[in-house]
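The values are calculated or read from the model by the stated rules, or taken from the named source; none is laboratory data. Every value quoted in this text rests on a predicted model; they were computed, and no experiment measured them. Cβ sites come from the backbone with ideal geometry, for glycine too, and all protein chains shown count toward neighbours.
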Amino acid sequence: MAAKTRQVETPDGRTLRVEVAGDGERVVVAHLGTPNAGVLYEPWIEDAAGRGLTLVTYDRPGYGGSTRLAGRTVADCAGDVRGISRALGFERCAVWGFSGGGPHALACAALMPDLVAAAASFGAMAPPDAAGFDFLGAMVGANREDIELLRADRELWERRARGDRDEMLGMTAADLAEAWSEGISPGDGELLHGAFGIWLHRAIRVGIESTADGWIDDSLAFDIPWGIDPAAIAVPVRIWHGEDDRFVPVEHARWLAVNIPGAETDIRDGDGHLRVAALRIGDVHGWLARHAWPTA
């Protein structure tokens, strides 16, 4: 089943590029990572279809075909998802978020319990102002250096981000896999060199082809308070994370698990950052289907 593209206009006059795969029944809204456009991976579509789920995603503002919203916070995604629900005609959904999409999925769960019935996140970070948590403590390598530069010299950081975008657009899928494999788990390296890596290269390219704005705005939004209180989330939440995740350390997942009331966890030794998204989306969809539509 091929995804169809929709253009949704927001109340403030922006445009969101939306992808939809399914017949509109039992909707799951997927929030993808950074710097990805809302491009659905075929195995996700196939798994959702086999469970009677409709999979919806979109380009966050500034990515791909979606108008930029400068200064946006993580919480601002709730208004966009509300607009998508009205345009597509669904009144209830589940959400999942992968990596940079995780905080956005949790924001939707916190702010729209009337719309969002259950939420899943995998590979997500904790808020930068998380109480009693050293946000940078376990981070290493390029991710830590990037955040430290952002906090020390935003102008230099932004120039470098735009340069990184230009460099990435010149990469093939094989180049990207090689560049991102340094210092990560062996399992993630293997996934980057396979079909998932090819999809990831495409999603990134669509996201940043016109501009680095979405990537920059995501990064800025992650480094300020999200605009939600994780402790206020009242819908079922499950958090997946890998012990061997070297993009987002597992300590972030553990903080989320403790601070989101009733949150379930699936934290596995040997899993890195990509395994759930690449190979175990069926676990996510199955859990969401049971909790969002328990009588189905």
Just one listed residue, out of Ser66, Ser85, is surrounded by 19 or more Cβ atoms within 10 Å (Cβ to Cβ) and not in a helix (DSSP H, G or I), and it is Ser66
Within the range 101-122, can one find any residue that is surrounded by fewer than 24 Cβ atoms within 10 Å (Cβ to Cβ) and among the β-branched types (Val, Ile, Thr)? no
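Let's see how each residue does on (1) over 17 Å from the mean Cα position of the chain (by Cα); (2) part of a loop (DSSP other than H, G, I, E, B); (3) not aromatic (Phe, Trp, Tyr):
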| site | (1), (2), (3) |
| --- | --- |
| Gly24 | yes, yes, yes |
| Ala30 | no, no, yes |
| Ala37 | no, yes, yes |
| Asp47 | yes, no, yes |
| Ala70 | yes, yes, yes |
| Asp76 | no, no, yes |
| Phe90 | yes, yes, no |
| Trp96 | no, no, no |
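The rows are residues; the columns are (1) of a type outside the set (S, T, N, Q); (2) in contact (Cβ under 8 Å) with a residue 40 or more places away in the chain; (3) crowded, with 17+ Cβ neighbours inside 10 Å.
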site	(1), (2), (3)
Ala3	yes, yes, yes
Arg14	yes, yes, no
Pro43	yes, yes, no
Ala49	yes, yes, no
Ala75	yes, yes, yes
Val81	yes, yes, yes
Glu91	yes, no, no
Trp96	yes, yes, yes
Looking only at the range 265-285, decide whether some residue is within 19 Å of Val95 (Cα to Cα), part of a loop (DSSP other than H, G, I, E, B) and either touching a Leu at 6+ places or on another chain (Cβ under 6 Å) or charged (D, E, K, R) (or both). yes
For the range 96-154, which residues satisfy the criterion of being in contact with a Pro (Cβ under 9 Å, 6 or more places away or on another chain), within 26 Å of Glu182 (Cα to Cα), among the small types (Gly, Ala, Ser) and at pLDDT 95 or above? Gly97, Gly100, Ser121, Ala124, Ala126
Could you tell me whether the range 207-224 includes any residue that is of a type in the set (Val, Ile, Thr), surrounded by 15 or more Cβ atoms within 10 Å (Cβ to Cβ), without any contact (Cβ under 8 Å) to a residue 40 or more places away in the chain and assigned to a helix (DSSP H, G or I)? no
Which one of these does Trp240 not meet: (1) in contact with an Asp or Glu (Cβ under 8 Å, 6 or more places away or on another chain); (2) over 18 Å from Gly97 (Cβ atoms); (3) modelled with pLDDT of 95 or more; (4) not in a helix (DSSP H, G or I)? (2)
Would it be correct to say that Leu279 is surrounded by fewer than 21 Cβ atoms within 10 Å (Cβ to Cβ), within 19 Å of Leu200 (Cβ to Cβ) and hydrophobic (A, V, I, L, M, F, W, C)? yes
Using the structure shown, decide if Ala234 is more than 30 Å from Arg160 (Cβ to Cβ), in contact (Cβ under 8 Å) with a residue 40 or more places away in the chain, of a type in the set (Gly, Ala, Ser) and assigned to a loop (DSSP other than H, G, I, E, B). yes
What helices (runs of 4 or more DSSP H) lie completely within the range 112-192 and have 1 or more residues being within 26 Å of Ala78 (Cβ to Cβ)? 141-152, 154-169
Against the conditions (1) at negative phi; (2) surrounded by fewer than 17 Cβ atoms within 10 Å (Cβ to Cβ); (3) in contact (Cβ under 8 Å) with a residue 40 or more places away in the chain; (4) of a type outside the set (Phe, Trp, Tyr), where does Ile260 fall short? Just the number, please. (2)
Going by the structure shown, is His252 assigned to a strand (DSSP E or B) and either at pLDDT 95 or above or among the small types (Gly, Ala, Ser) (or both)? no
Note down all Cβ pairs under 9 Å where the first residue falls in the range 130-159 and is closer than 13 Å to Trp255 by Cα and touching a residue at least 12 places away in the same chain (Cβ under 8 Å), the second is among the hydrophobic types (A, V, I, L, M, F, W, C) and loosely packed, with under 13 Cβ neighbours inside 10 Å, and they're at least six residues apart or on different chains. none
